[in-house]
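For reference, the structure is listed below as structure tokens.
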Amino acid sequence: MTSSSPEASTTQGARGTSVEADLGWALGVVFRRYVKQSGLALEGVPGGPRGYQVLATANAEGPKRQLDLAAQLEIDRTVMTYLLDDLEKAGVVQRQPDPADRRARLIVATPKGVELLCDLERRLRATEDEVMGGLDDGERLIFRMLLQRVARQANAVDPVHNACTLAEDGLADS
């Protein structure tokens, strides 16, 4: 699984291309480092990446019905119930009655949850800074733009429905 690039073609010789020139190797190394560091950044969050995802979505999009949130994040209903139990025990979300349907519950980030989310976002930015430490600000912007373009194209062909599950699967393989 080697890729051709200007750098790769100049390093090729009788022995072939070095592993460092392989796109798969480079993506794997960066992904593994990001997953490891972001896991440390999310340490202590009930549910880890999924808990962060629930908290971030509840904060950014406002109160959502528990079942709608589970569907949006592609988390099994039963798993979502346990995850919300843990997040609620930690005091970062609340289940509130839905005024439109007394049987449904809305998930709302608490002030403590918003404070935690701000801290987590700072930690994740620090993680990104550590992972991309070899790039200056302009290079980081260009890297992000190009990576996002490639990711959108790849996702159109082979959609990823739950990034947290994908990250957790990557951790399991490490």
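The values are calculated or read from the model by the stated rules, or taken from the named source; none is laboratory data. Please read these numbers as outputs of a predicted model, since none were measured by experiment. Backbone-built Cβ (ideal geometry, glycine too); neighbour counts: all protein chains shown. The area values use the complete protein model at the heavy-atom level, side chains included, leaving out ligands, DNA and RNA. Shrake-Rupley method; radii C 1.70, N 1.55, O 1.52, S 1.80 Å.
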If residue 137 satisfies every condition in (1) out of contact with any strand residue (DSSP E or B) (no Cβ under 8 Å at 6 or more places or on another chain); (2) surrounded by 12 or more Cβ atoms within 10 Å (Cβ to Cβ); (3) not small (Gly, Ala, Ser) but one, which is the exception? (2)
Identify the single condition in (1) surrounded by 11 or more Cβ atoms within 10 Å (Cβ to Cβ); (2) at pLDDT 95 or above that residue 151 does not satisfy, given that it satisfies every other one. (2)
Those residues that are hydrophobic (A, V, I, L, M, F, W, C) and without any contact (Cβ under 8 Å) to a residue 24 or more places away in the chain, I need them from segment 90-106; list them, please. 100
Hey, among the residues in segment 119-149 that are hydrophobic (A, V, I, L, M, F, W, C) and assigned to a loop (DSSP other than H, G, I, E, B), which one's nearest to residue 59 (Cα to Cα)? 132
Top-ranked residue of segment 51-74 - restricted to ones that are of a type outside the set (A, V, I, L, M) and open to solvent by 60 Å² or more (accessible area, probe 1.4 Å), ranked as nearest to residue 114 (Cα to Cα): 59
Take segment 89-119 and flag every residue that is under 15 Å from residue 46 (Cβ atoms) and open to solvent by less than 70 Å² (accessible area, probe 1.4 Å). 90, 91, 92, 93, 95, 107, 109, 110, 113, 116, 117, 119
When residues of segment 92-118 are limited to those that are touching a Ser or Thr at 6+ places or on another chain (Cβ under 8 Å) and assigned to a strand (DSSP E or B), the one nearest to residue 56 (Cα to Cα): 93
So residue 22 fits all but one of (1) under 22 Å from residue 144 (Cα atoms); (2) in contact (Cβ under 8 Å) with a residue 60 or more places away in the chain; (3) not small (Gly, Ala, Ser); what number is the exception? (2)
